[in-house]
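Notes follow the structure.
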Amino acid sequence: MTDTDGWFADATRDDEEGLAATVREGSAAAPRAWPLEAVEAGFAADEDEYYDALHAATTAATREAVAELERADDRQLVHAVRAMDDCRRTANELAERLAEWAGTVDGEAASGVEYARDLAASDRLDGEPGAEPITSLAERVVDLADEADDLREYVERQTPAVAPNLAALAGPVLAARLISLAGGLESLAKKPSGTVQVLGAEDALFAHLRGHASSPKHGIIYTHDAVRGTRAEDRGSASRALAGKLSIAARVDHYSGDLRPELEAELGERIEAIQARAEAEGDDGDTEAGTETRGESDD
């Protein structure tokens, strides 16, 4: 679209793809009487016909934009990590159901996916009444667990290609879950570090906002060694440090894609400083406790 031509200038009414492209790619410096110009140009017989064509073109343009978004690498990653978690959760739930059911005919029944694997691969229930559906369920549990493992391998391969800095800092699976919780890499890149810090702790955050609980220190990033490996009273500091670097990493991944090894080094230094401070405070406490004990003995 130019300042003198409407979006319909070079378009054909029955060319939906072409109309959608002009809507998506066109621009104008200022609004004009587009329906009137469309009628004068012979694009439409009247104003109603013009708006019908515009509606069809904008709908097609939106549909194409959504399709492109869903085909994007980060969206594929979101679907994969959600499917992985669904498969794992369902496999575990069915494994518990299997344990209860198998326990009615198997005196050595156990729980968990490993028992399902053992049951599916053996003939231990052969000849037992009603064993066939139990064995079939065990096979389904194994299939789901294997699918979850395959999806995890896909996530571990794909995440470094989609978000190299985020994968380096958080690990591929945690990085993919952060992207999933945010709704995509672009959305994650636009979030402040404070929001990244509590992603996955929405229930606790809402409870805090209603005055029913204290503010959560962390969400899913708790699974990161930098947070989990820090003493409880310092996890807030570790979470803030980690979330700050993850936010930067997401922005770099989305806007440039350059690998920045210094982010990982800076995070490591910050976490070491937090943990060293904790160790120093612990040593001081031991010294003071030891002094008091010796004083009491001397008395």
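The values are calculated or read from the model by the stated rules, or taken from the named source; none is laboratory data. Nothing here was measured: the structure is a model prediction, and the numbers come from that model. Quick reminder, even Gly has a Cβ in these numbers, built from the backbone with ideal geometry, and neighbours come from all protein chains shown. The protein model used for the area step is the full one, side chains on, heavy atoms only, and it has no ligands, DNA or RNA in it. Shrake-Rupley method; radii C 1.70, N 1.55, O 1.52, S 1.80 Å.
Quick test of your reading of the structure: A207 fulfils all but one of (1) modelled with pLDDT of 90 or more; (2) out of contact with any helix residue (DSSP H, G or I) (no Cβ under 6 Å at 6 or more places or on another chain). Name the failing condition by number.
Of everything listed in (1) modelled with pLDDT of 90 or more; (2) out of contact with any helix residue (DSSP H, G or I) (no Cβ under 6 Å at 6 or more places or on another chain), A207 misses just condition (1).
Given the condition within 30 Å of D225 (Cβ to Cβ) and open to solvent by 40 Å² or more (accessible area, probe 1.4 Å), answer yes or no: does some residue in the range 135-146 qualify?
yes
Determine which single condition V23 fails, assuming it passes every other condition in (1) part of a loop (DSSP other than H, G, I, E, B); (2) open to solvent by 40 Å² or more (accessible area, probe 1.4 Å); (3) aliphatic (A, V, I, L, M); (4) in contact with a helix residue (DSSP H, G or I) (Cβ under 7 Å, 6 or more places away or on another chain).
(1)
Select, from S111, S122, the only residue that is touching a helix residue (DSSP H, G or I) at 6+ places or on another chain (Cβ under 6 Å) and either free of Cβ contacts under 8 Å to residues at least 24 places away in the same chain or aliphatic (A, V, I, L, M) (or both).
S111
Being closer than 20 Å to P192 by Cα, part of a loop (DSSP other than H, G, I, E, B) and either open to solvent by less than 20 Å² (accessible area, probe 1.4 Å) or charged (D, E, K, R) (or both) is the filter here; which residues of the range 213-272 pass it?
Once the filter is applied, which keeps residues that are closer than 20 Å to P192 by Cα, part of a loop (DSSP other than H, G, I, E, B) and either open to solvent by less than 20 Å² (accessible area, probe 1.4 Å) or charged (D, E, K, R) (or both), the range 213-272 yields K217, G219, R260.
For the range 130-149, name all the residues that are among the small types (G, A, S) and touching a residue at least 40 places away in the same chain (Cβ under 8 Å).
Listed by number, the residues that qualify are A138, A145, A148.
Every residue, every condition in (1) outside any helix (DSSP H, G or I); (2) among the β-branched types (V, I, T); (3) open to solvent by 10 Å² or more (accessible area, probe 1.4 Å); (4) in contact with a Pro (Cβ under 7 Å, 6 or more places away or on another chain), yes or no:
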| residue | (1), (2), (3), (4) |
| --- | --- |
| D149 | no, no, yes, no |
| R152 | no, no, yes, no |
| T159 | no, yes, no, yes |
| L166 | no, no, no, no |
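Of the conditions (1) under 26 Å from V198 (Cβ atoms); (2) touching a residue at least 12 places away in the same chain (Cβ under 8 Å), R89 fails just one. Which one is it?
Of (1) under 26 Å from V198 (Cβ atoms); (2) touching a residue at least 12 places away in the same chain (Cβ under 8 Å), only one is false for R89: (2).
Looking at (1) over 30 Å from D14 (Cα atoms); (2) more than 29 Å from the chain's Cα centre (by Cα), which is the only condition D85 fails?
D85 satisfies every listed condition except (2).
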